[in-house]
Amino acid sequence: MHTETRALLKIGLLANLFELYEFSVYGFLAGTLGQLFFKPTHPTLALIQAFALFAASYLIRPLGSLFFGSLADRYGRRHSLQLSLMVMSIPTILIGMLPTYEQIGSLATLSLLILRLIQGFGYGGESPVTACYIFENADPRRRGLLCSTVIVSASVGILCGSLAVTLLVWCFDQATILAWAWRLPFLLGIPITLCLYRIRQGIVEAPMSQKDVLKTRKPVWAVLTEARGRLFQAVILVAFSTTCFQILGIWMPAYLTYFLGHPQKIVSLTNTLTLCALPLFCLAAGYLSDFLGYRRLMVVSVLAVLAAIYPLFLVLQEKSYGLLLGAQLLYALLFSGVDALYFQRLGDLFPKDIRGFGMGFSSFGVAIFGGTSPFICTWLTHKTGLLTFPAFYIMTFSLLVLPVVLRLKANPPSQSTPPLMAA
């Protein structure tokens, strides 16, 4: 394997892993945090409040994506990623030090909201800019596999978050977790940030001249006008993928525990095992796309989700833990065909001078749809009493994205951008 490919694999697999760990821990501890940082109420209402705050941090993500994406277009990918790291990591550590509602009242809720908004802004610059860097530097023959590593990194990061919370609930009783142990996963952000900073020091890219910087300063309104069709495609693709991912990876433990009554320890275990398998599914999809093209895999993935998601949510209501794990694994397999490949598609959609901006703009799909899906599914499942509501929610996005993937070219360009990795 070439030195350049090994370097890209390291960046792709590790660069976002720790950040997604930090961001996802909140989702896995949403029920606990709802009890700690909001006025005491019914556990389900506390969960709704916690996921509402979770959604708020996603709503600000597009601003971070546009800011860091434009910064990457103008001054290089490395500078953007280093800055977003600090904006993302510091709030995570501070969350682990916050006083609770019992100690300082509503100020605790406000402090948590502010830190999550800052964290969401920083997170907006992570995956899009990393994916942009990988796409531009990858050997076209391995671009599908290498671009999939950005999603794999996110999946492994969320897996680490799930594993940390699983260990938490297996090692401590609920009273101890509420008293102090809930802080431990957040405080792990201290060594994690130091490791990530060192990894990003290894990012090398072709230097940008002042002429290049001036050339990329295209007005935002001009980009929005000229590329509106491509921007729409990007938002829809990301909305589908992140909605499926958020419901499986972040929200599923809360759904299985609070709505279906499965034991928390079993739910944490099956969720962790599912997240162990998801990166393997994504790597396989990325590898196959280099031979088959991403259109075929995306179409099959969307159709499979559309056909199977309702029966899978019926299976989740069964009390068999084997069926519970099997349904989660199959769900992960079905949507991985889009989840692993959409960054490659986004890279092909946009020319280099607006690629960072365009890939960052796709975060509106995360903010408006993906990030709000845990809150919407929690609230409406509670209000309607319809336990299969999440299945209909996912089917809606499947129908929205289907025309987008069906219109993709049969043989997408794989040689559009030569590798830029410096020696």
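The values are calculated or read from the model by the stated rules, or taken from the named source; none is laboratory data. Everything quoted here is computed from the prediction, not taken from an experiment. Note: ideal-geometry Cβ built from the backbone for every residue, glycine included; neighbour counts use all protein chains shown.
Selection within the range 375-423: residues that are surrounded by fewer than 18 Cβ atoms within 10 Å (Cβ to Cβ), of a type in the set (Ser, Thr, Tyr) and in a loop (DSSP other than H, G, I, E, B). The member of this set that is modelled with the lowest pLDDT is SER416.
Beta carbons closer than 8 Å, at least 6 apart along the sequence or on distinct chains, never pair a first residue in the range 103-117 that is free of Cβ contacts under 8 Å to residues at least 12 places away in the same chain and charged (D, E, K, R) with a second that is assigned to a helix (DSSP H, G or I) and surrounded by 16 or more Cβ atoms within 10 Å (Cβ to Cβ).
Looking only at residues in the range 256-288 that are of a type in the set (Ser, Thr, Tyr) and closer than 29 Å to THR149 by Cβ, which one is surrounded by the fewest Cβ atoms within 10 Å (Cβ to Cβ)? Filtering first and then ranking leaves TYR287.
Just one residue in the set LEU269, LEU329 is modelled with pLDDT of 95 or more, out of contact with any strand residue (DSSP E or B) (no Cβ under 6 Å at 6 or more places or on another chain) and within 23 Å of THR166 (Cβ to Cβ); that residue is LEU329. Going by the structure shown, is GLY360 part of a helix (DSSP H, G or I) and closer than 30 Å to ILE60 by Cβ? For GLY360, the condition - part of a helix (DSSP H, G or I) and closer than 30 Å to ILE60 by Cβ - is met. Of the residues contained in the range 14-23, one or more are found to be modelled with pLDDT of 80 or more and out of contact with any strand residue (DSSP E or B) (no Cβ under 9 Å at 6 or more places or on another chain). Applying a threshold of 6 Å to beta carbon distances and a minimum spacing of six or more residues, or different chains, the list of pairs starting in the range 280-298 at a residue that is under 17 Å from LYS409 (Cα atoms) and at pLDDT 90 or above and ending at one that is buried (at least 17 other Cβ atoms within 10 Å of the Cβ) and among the β-branched types (Val, Ile, Thr) reads MET298/VAL338; MET298/VAL405. Only a single item in (1) within 20 Å of SER80 (Cα to Cα); (2) basic (Lys, Arg); (3) at pLDDT 80 or above is not met by ARG142, and it is number (1).
Quick one: is LEU113 surrounded by fewer than 17 Cβ atoms within 10 Å (Cβ to Cβ) and in a helix (DSSP H, G or I)? Yes: the conditions hold for LEU113.
Only one of these is in contact with a helix residue (DSSP H, G or I) (Cβ under 8 Å, 6 or more places away or on another chain), among the hydrophobic types (A, V, I, L, M, F, W, C), at pLDDT 80 or above and surrounded by fewer than 20 Cβ atoms within 10 Å (Cβ to Cβ): ILE134, ILE118. Name it. Going through ILE134, ILE118 in turn, the sole match is ILE118. Filtering the range 88-105 to residues that are within 22 Å of PHE68 (Cα to Cα), buried (at least 18 other Cβ atoms within 10 Å of the Cβ) and either of a type outside the set (Ser, Thr, Tyr) or touching a Lys or Arg at 6+ places or on another chain (Cβ under 6 Å) (or both) leaves MET88, PRO91. Here is a check on your reading of the model: is GLY157 outside any helix (DSSP H, G or I) and closer than 26 Å to ARG198 by Cβ? Answer is no for this residue.
Restricting attention to the range 58-87 and to residues that are among the small types (Gly, Ala, Ser) and surrounded by 24 or more Cβ atoms within 10 Å (Cβ to Cβ), the residue that is modelled with the highest pLDDT turns out to be GLY64. Taking residues in the range 355-375 that are polar (S, T, N, Q), and partners anywhere that are buried (at least 24 other Cβ atoms within 10 Å of the Cβ) and not in a helix (DSSP H, G or I), the pairs with Cβ atoms closer than 6 Å and at least 6 places apart or on different chains are SER363/GLY124. The C-beta contact set for the range 147-172 (first residue on the phi > 0 side of the Ramachandran plot, second residue buried (at least 20 other Cβ atoms within 10 Å of the Cβ), distance under 7 angstrom, 6+ apart or interchain) is empty.
Would you mention how many residues in the range 356-374 are touching a Cys at 6+ places or on another chain (Cβ under 7 Å) and modelled with pLDDT under 80?
Adding up the residues that qualify gives 1.
Of all the residues in the range 160-200, those that are buried (at least 20 other Cβ atoms within 10 Å of the Cβ) and either touching a strand residue (DSSP E or B) at 6+ places or on another chain (Cβ under 6 Å) or outside any helix (DSSP H, G or I) (or both) number 1.
The set of residues in the range 95-110 that are closer than 18 Å to PRO40 by Cβ and not in a loop (DSSP other than H, G, I, E, B) comprises TYR101, GLU102, GLN103, ILE104, SER106, LEU107, ALA108, THR109, LEU110.
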